1. If we sort B:12-19, A:66-73, A:16-23 on the protection proxy, mean other Cβ atoms within 10 Å, highest first, what's the order?
2. Ignore the peptide's own chain and count Cβ atoms of other chains within 10 Å of each Cβ in B:18-28; give me the average, rounded.
3. Which order do A:LYS97, A:LYS31 fall in if you start with the one that has the fewest other Cβ atoms within 10 Å?
4. Taking each pair of distinct Cα atoms in chain A once, what is the resulting Kirkwood hydrodynamic radius in Å?
5. List B:THR69, A:THR86, B:THR7 from most exposed to least, where exposure is judged by having the fewest other Cβ atoms within 10 Å.
6. Provide, as a two-decimal number, the C-alpha radius of gyration of segment B:7-105 over 2.2 N^0.38 Å, N being how many residues it has.
7. To the nearest whole number, what is the average tally of beta carbon atoms from other chains within 10 Å of the beta carbons of peptide B:32-41?
8. Could you check which residue among A:ALA91, A:ALA58, A:ALA37 shows the biggest mean-square fluctuation in a GNM of chain A with a 10 Å Cα cutoff?
Amino acid sequence: MASTVIGAGITIEGEVTSDEDVVVQGTLRGKLVAKDAVTVEHGGVVEADITSGPVSVAGSVTGNISSNDRVDLQNGAKVVGNVKATRITIADGAQFKGNVDMDV
Amino acid sequence: MANGQATVIGSSSFVRGRITGTGDLEIAGRVEGDVACSGDVLVEAGGLVAASIAARRIVVRGAVKGDLTAEDAVILEAGARVVGDLRAPRIAIAQGGLVRGHVQTGSAGAARPRSATATASRAPAVSAKAAPVARVEAAPARKQQAPAPVARAASSGGNGETRERAKAATRVGPPPPVVPALKKGTKAVAHHKKR
């Protein structure tokens, strides 16, 4: 059970800061900072830079993703932006445009 | 997710910006910025909202600094602290809920309570002159069939002060002040009871 949920139909314009999990089913524009996991579900739209723990994307993200853990781009995901993480998976069917930066 | 519609701002989350859209919203964390949604908004006990909220139904158990406008109802439960105006068709403030601001129930008409009370306080001063006389006239007629002028004279003759004031009223142009008019009405009632 995620602690913070941006439901479908809800739009947040601004900055979201959280020490817990964040699930995006709706729309978020601005900035997203989370200490824990961020999940962008199918239908979710994030037009923001994401700084967080593990990131899982099945929706749309426009912006840079910076994670101190892993980033998973699932089937149906659409990501435009740079991704910085220790581990990255891009599933078959995910759309991605941007740079990948992994700690090598 | 299990709850497909509900939006939750968790207890350790902070949103600075505008929240809009459809569906329900539950705030247990901090929100700075306007909130406008077509569903229900619930501010939990630990929730802290520095924003005006517009929704269909607003339930507050936490702290809100801003105006609350609801299409259906505003409900302040125990522990609610609100600094701002409340406006909704139905407003409930439970014991233990704190409010500082203007509260208006009813549909979203223009807020004119101040001018309404001003006219209301003026209106009795004008009508109070006629009303006690009518009451005094009506009461004896029902009780002992006494002629109206006698009853009126008896009522005014009961107190010299009122007779003097009545004489002053007939002699001098300006109407009697507001406060004596109110007193006269109460006296008339007391006198009527004494009988």
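1. On the way: B:12-19: 21.0, A:66-73: 18.8, A:16-23: 22.5.
So the order, starting with the most tightly packed, is A:16-23, B:12-19, A:66-73.
2. Values: counts 6, 8, 7, 9, 6, 7, 3, 4, 3, 0, 2.
Counting other chains' Cβ atoms within 10 Å and averaging over B:18-28 gives 5.
3. Values: A:LYS97 10, A:LYS31 16.
With the fewest neighbours first, A:LYS97, A:LYS31 line up as A:LYS97, A:LYS31.
4. Working: mean 1/r = 0.0771 Å⁻¹.
Mean inverse Cα-Cα distance, inverted, gives 13.0 Å.
5. Working: B:THR69 19, A:THR86 13, B:THR7 27.
Ascending Cβ contact count within 10 Å gives the list A:THR86, B:THR69, B:THR7.
6. Values: Rg = 11.6 Å, N = 99, 2.2 N^0.38 = 12.6 Å.
Rounded to two decimals, the normalised Rg is 0.92.
7. Working: counts 2, 4, 2, 2, 1, 4, 1, 3, 0, 0.
Partner Cβ neighbours, averaged per residue: 2.
8. In this elastic network of chain A, the residue with the biggest mean-square fluctuation among A:ALA91, A:ALA58, A:ALA37 is A:ALA91.
All of the numbers you see were taken from the coordinates with simple rules; none came from a lab. Keep in mind it's a predicted model, so treat the numbers as computed, not measured. Here Cβ is always computed from backbone atoms with ideal geometry, including for glycine, and neighbour counts include all displayed protein chains.
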